[in-house]
Each structure stands twice: as C-alpha cells, then as structure tokens.
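Notes for the one structure printed next.
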Amino acid sequence: MPSERVETGVPGFDKLIEGGFIKGSTNLIAGNSGTGKTIFCMHYLWSGLQRGENGVYVTLEQRPDEILADVARFGWDFSKYEDAGRFRMESLVASDITTITTKIVESVKRIKAVRFALDSMTIASMGWKERPEESFKIRSKAFDMLNTLKSLGVTSMIISEVERAERPTISKFGFEEFVADSVVLLNYMMVGGASRNLQILKMRRTDHGKKIYPFDITDKGIVVKSLSV
Ligand SMILES: Nc1ncnc2c1ncn2[C@@H]1O[C@H](COP(=O)(O)OP(=O)(O)OP(=O)(O)O)[C@@H](O)[C@H]1O
Ligand SMILES: [Mg+2]
C-alpha cells in the first residue's frame, strides 16, 4: 500500500521523495550553520498553512522575532496565522529534554498541528556535554522525544546541526539518524564559487532521489533546481 504523503511544498523537492514526507514521519534536516535549515523548515510550515494544515515551530536557538523577520523577506506573514490560532512559534529555554518534550506535546495538541519543526535537536540534547556521566540518560530521553512525536501523529522536521569537521557526524548521538524516517543533508560549498546543494541520505518506504541536488534560496524561499539527467 502506498504511504500517505505530506507535500513539503518546497519547489523541486517533493518530486525527489515520491510527493512528500510520509504522513506522521520524523525527518531529520542536517547541515552546517547557514546552510538553510531554518528557512527549509519554515517553508514547510508555510506551505502547510496554505493547505489548511496547522503548524508549530519550536526554537531553542534563534529568537522568534528574528526568524519571523528573516522569512518575511519571502512574503511569508505568519502573524495572521498566529492570530487565527493556526500557527505557533514557541521559544523554549534549553532545559531538560523531558520538559521540552512535554511543552511540544502541549503546543501541538493546543492548535491541532499536523506539521511540526524543532530547531534544534542538537540544542535540545545539549545537557550531556556538561554532565558526561548522564549521557546515556539524555540519549534515552532524546529517543523518547522522537518516539513521542511519532505517536502524536504529526509530520516533523527536526534540525540537526553538523559541525564543520573533517569527518562530520550527521547527528549528535549518532542514533537520531537511525530513529528518524529520513535524513536530508544541506551543504554550502565554497569551492569554485558559492553553491548550495542537498542530499537525501535516507527515506524509508521511498524511492528517493540519490543525487546531489543544487538548490537556491530565492526571494520565494527554497527552490531545488531540476537536474538534467
Ligand atoms: N532573503 C534571502 N535571500 C537569499 N538568501 C537568503 C535570504 N535570507 C537568508 N538567506 C541565506 O540563508 C542563510 C541562512 O539560512 P538559515 O537561517 O535557514 O540557515 P541555518 O542552517 O538555519 O543556520 P544556523 O545553523 O546558523 O541556524 C543566510 O546565511 C543566507 O545565505
Ligand atoms: Mg537555523
């Protein structure tokens, strides 16, 4: 049976993933700083609102007013949807991951959101750095968070920050990418002029594109370019 799909609405992207994310799935979006992760997630939520689907964005990083101002450049006025109770932008302090999870569940339920984005899993699971002896606990809580999202039925995008390292890892604990249903990696290359591209490292139940796809951040948000085969 084909899986029900949730269109991201990002031009050029849905056709690479059989029409969209699997309904109810958890999708990791990984990349270095400045690769377009926040804009991608906001594009996904904006598209949802245009399709009558409510959305929640939880930020543990940037201030909400900054994010909303950034995406206003694309003509996306989220405030009217906030006023209508169809969109929520939550700024949470990076406290313990269980508290964050509880707040996410509350927000999603309050506005009956079907799309959700977390910015970022990396910050949400910061605690273990300070308390290395508790790393296994935070790991299991992070695991619980991803499973809670799945059981809520929302289709989620979870940001994972990738360090600029010789051998970068896709996720903090290395297990998020296994728990997630998909992993999309955003790159910003400076070799031979600046260019952006993305790779779909995995997507369950999906015959996804396997190439490196160039994309642009335009005045209408993210646009994935067509590749001539
Ligand atoms: N209006 C715009 N037009 C074109 N490019 C833009 C526009 N706004 C932002 N950008 C590009 O997008 C980048 C920021 O994207 P975004 O905030 O989504 O990145 P990020 O991966 O979330 O970064 P971080 O890890 O720092 O949060 C900017 O550095 C800039 O290159
Ligand atoms: Mg960001």
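What does the convex hull of the alpha-carbon atoms of the chain project to on average, in nm²?
That works out to 13.0 nm², a quarter of the Cα hull's surface.
Using only helices, what value at 222 nm comes out for the chain when you add -39,500 (n - 2.57) per DSSP H run of length 4 or more and divide by the total residues, to the nearest 500 deg cm²/dmol?
My calculation for the chain gives -8500 deg cm²/dmol from helical runs alone.
Label points 7 Å out from Cα along the Cβ direction at Thr98 and Met190: separation in nm?
With each label point 7 Å from Cα toward Cβ, the separation is 4.3 nm.
Mind checking the full-extension length gain between Asp83 and Glu106? Use 0.36 nm per residue of separation minus the Cα-Cα distance, one decimal, nm.
6.5 nm
Compute the normalised compactness of region 185-229: alpha-carbon radius of gyration over 2.2 N^0.38 Å, N being the residue count.
So the Cα radius of gyration is 1.26 times the expected 2.2 N^0.38 Å.
Mean Kyte-Doolittle hydropathy of 0.0 or higher plus an axial Cα length of 18 Å or more: which whole DSSP H helices in the chain meet both?
Membrane-span-like by this rule: 37-50, 97-110.
Accessible area per residue for the chain in Å², computed with a 1.4 Å probe and the full protein assembly in place, what is it?
49 Å²
Please get the size of the charge dipole for the chain, origin at its Cα centre, with Cβ charges of +1 on Lys and Arg and -1 on Asp and Glu, quoted in debye to the nearest 20.
The dipole magnitude comes to about 520 debye.
Percent of accessible area on region 5-224 owned by carbon and sulfur, 1.4 Å probe?
In region 5-224, the share of accessible area belonging to carbon and sulfur is 52 percent.
The values are calculated or read from the model by the stated rules, or taken from the named source; none is laboratory data. All of these numbers come straight from a predicted model, not from anything done at the bench. Virtual Cβ from ideal backbone geometry, glycine too; neighbours counted across all protein chains shown. Please note that ligands, DNA and RNA were not included when accessible areas were found on the heavy atoms of the full protein model with its side chains. Shrake-Rupley method; radii C 1.70, N 1.55, O 1.52, S 1.80 Å.
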